[in-house]
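The values are calculated or read from the model by the stated rules, or taken from the named source; none is laboratory data. Here the structure is a predicted model, which means the values were calculated and not measured. Quick reminder, even Gly has a Cβ in these numbers, built from the backbone with ideal geometry, and neighbours come from all protein chains shown.
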Amino acid sequence: MVNVKVNLEKRSYNIHIDVSTSNLIGNFMQIMKVNKKILVISDTTVGNLYGIQMVELLIKDGFIAELYCVPPGEHSKNLDVAMELYTKAITLELDRNCAIVALGGGVIGDLSGFVAATYLRGVPFIQIPTSLLAQVDSSVGGKVAVNHPMGKNLIGAFYQPRMVLIDINFLSTLPNRELYTGLAEVIKYGMIADNKFFTYLCDHSRQILDKRPDVLTEIVRRSCEIKAWVVEQDECESSIRAILNFGHTIGHAIEADTNFSVYNHGEAVAIGMYGAALISNHLGMCSKATVDVLKHILLQFNLPVYAPECGIEDLFKLLYRDKKVLDNKITWVLLNDIGEVNLCNQVPENIVKLALAEITQSNTLS
Ligand SMILES: NC(=O)c1ccc[n+]([C@@H]2O[C@H](COP(=O)([O-])OP(=O)(O)OC[C@H]3O[C@@H](n4cnc5c(N)ncnc54)[C@H](O)[C@@H]3O)[C@@H](O)[C@H]2O)c1
Ligand SMILES: [Zn+2]
């Protein structure tokens with residue numbers, strides 16, 4: 001089994017990665033010395049695939065485990081559903097030492113983590129991420145949240161899990177589009193921190209798309225290592241953690257402009273990364289070859305680089321509505337080279353609009 005440690009003093013934890021790790025859930029829970037009662041939260045899709053089996057494994061090891069499933073999708077990430085989960089926890093008489101387990105994608109991880117952070121002012125929280133995006137991104141780093149009707153992730157906390165258990169086998173049932181979404185974040189890690197890892201992705205694209213377990217294990221491991229390294233330096237996002245937003249400034253604007261209904265998160269981030277690379281190139285920070293290499297791998301992983309449904313002016317306005325904008329200044333994450341980024345909050349408007357014009361053209365014009 002591969003282990004990645006997230007070093008955050010008293011809040012440190014391990015990420016265990018391998019095929020079939022979920023079979024060991026009972027052992028891991030025993031080592032963590034949590035109380036016998038466990039609430040496993042999932043969505044109905046993942047719950048039907050893996051939930052019953054997970055609860056049975058826990059019961060076999062002496063735990064009193066209950067599965068609670070919510071409908072799949074982003075619309076479950078809200079305070080009403082959180083309230084249902086608090087009610088469930090109270091009904092089960094979960095105490096402060098009882099664990100909440102998130103079994104699912106990022107929606108389940110963020111929602112369950114928010115409930116775990118607030119129920120009884122915080123109970124032990126375990127992440128068992130099942131989508132690639134959750135395995136490489138949302139389950140690590142402690143950001144938990146629910147959405148408000150006026151914006152995504154507006155109500156949340158920093159609350160680190162006690163453990164992240166990653167079972168690569170879960171990815172065998174993940175729909176392809178969800179795989180590609182996760183790959184956008186994986187490419188992001190190569191771009192922001194590790195040129196060699198980026199080359200590994202390019203060299204193993206076939207095996208990745210074929211879901212070869214050993215290759216998936218390696219890309220999840222390295223992605224978690226990079227995310228852990230960034231979070232260790234800046235847990236609450238006051239400085240360097242911002243580099244994880246590479247591609248997200250434009251990505252969030254694209255998601256909002258298309259009402260979260262055309263592109264999923266990874267697809268919007270893919271277009272956003274291409275846009276950020278174009279800005280970097282226009283500012284003379286990185287070469288055209290770097291932009292092209294990024295574009296090539298995004299297309300290879302079936303990710304878009306253009307958003308023809310979006311308008312330049314609409315996107316430009318939406319850039320300033322992002323919750324990460326401070327004092328009306330956008331902190332851009334820009335590329336020097338593959339594996340090396342810089343933070344810049346002074347990009348001229350005309351350069352931003354030039355990049356927006358390029359990414360909003362249709363594929364056929366490229
Ligand atoms: N906390 C963070 O740091 C962080 C970072 C990035 C994203 N997020 C959040 O994560 C969410 C997106 O996560 P997501 O992309 O995993 O979405 P998701 O949780 O909606 O999962 C995507 C879909 O895949 C299905 N699924 C998941 N695992 C499966 C499996 N093994 N087999 C079959 N189907 C499976 C789910 O049922 C769902 O329909 C967003 O709400 C986003 O805000 C949080
Ligand atoms: Zn993201």
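General remarks:
- Only one entry of ALA157, ALA253 meets the criterion of being within 14 Å of ligand 2 (Cβ to nearest atom) and in contact (Cβ under 8 Å) with a residue 12 or more places away in the chain, and that entry is ALA253.
Okay, residues lined up against (1) surrounded by 19 or more Cβ atoms within 10 Å (Cβ to Cβ); (2) closer than 24 Å to LEU132 by Cβ; (3) within 16 Å of ligand 1 (Cβ to nearest atom):
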position	(1), (2), (3)
ASP61	no, no, no
PRO71	no, yes, yes
ASP80	no, no, yes
GLU84	no, no, no
THR91	no, no, no
LEU94	yes, no, no
CYS98	yes, no, no
VAL101	yes, yes, yes
LEU111	yes, yes, yes
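- Considering region 141-156, and only residues there that are assigned to a strand (DSSP E or B) and in contact with a Phe, Trp or Tyr (Cβ under 7 Å, 6 or more places away or on another chain), the residue that is nearest to ligand 1 (Cβ to nearest atom) turns out to be LYS143.
- Checking the stated criteria, ARG162 turns out to be surrounded by 17 or more Cβ atoms within 10 Å (Cβ to Cβ), out of contact with any Asp or Glu (no Cβ under 9 Å at 6 or more places or on another chain) and at pLDDT 95 or above.
- One residue stands out among those in region 261-291 that are within 16 Å of the chain's Cα centre (by Cα) and assigned to a loop (DSSP other than H, G, I, E, B): the one that is surrounded by the fewest Cβ atoms within 10 Å (Cβ to Cβ), which is ASN264.
- Condition broken by ALA116, with the remaining ones in (1) of a type in the set (Gly, Ala, Ser); (2) surrounded by 24 or more Cβ atoms within 10 Å (Cβ to Cβ); (3) within 16 Å of ligand 2 (Cβ to nearest atom) satisfied: (3)
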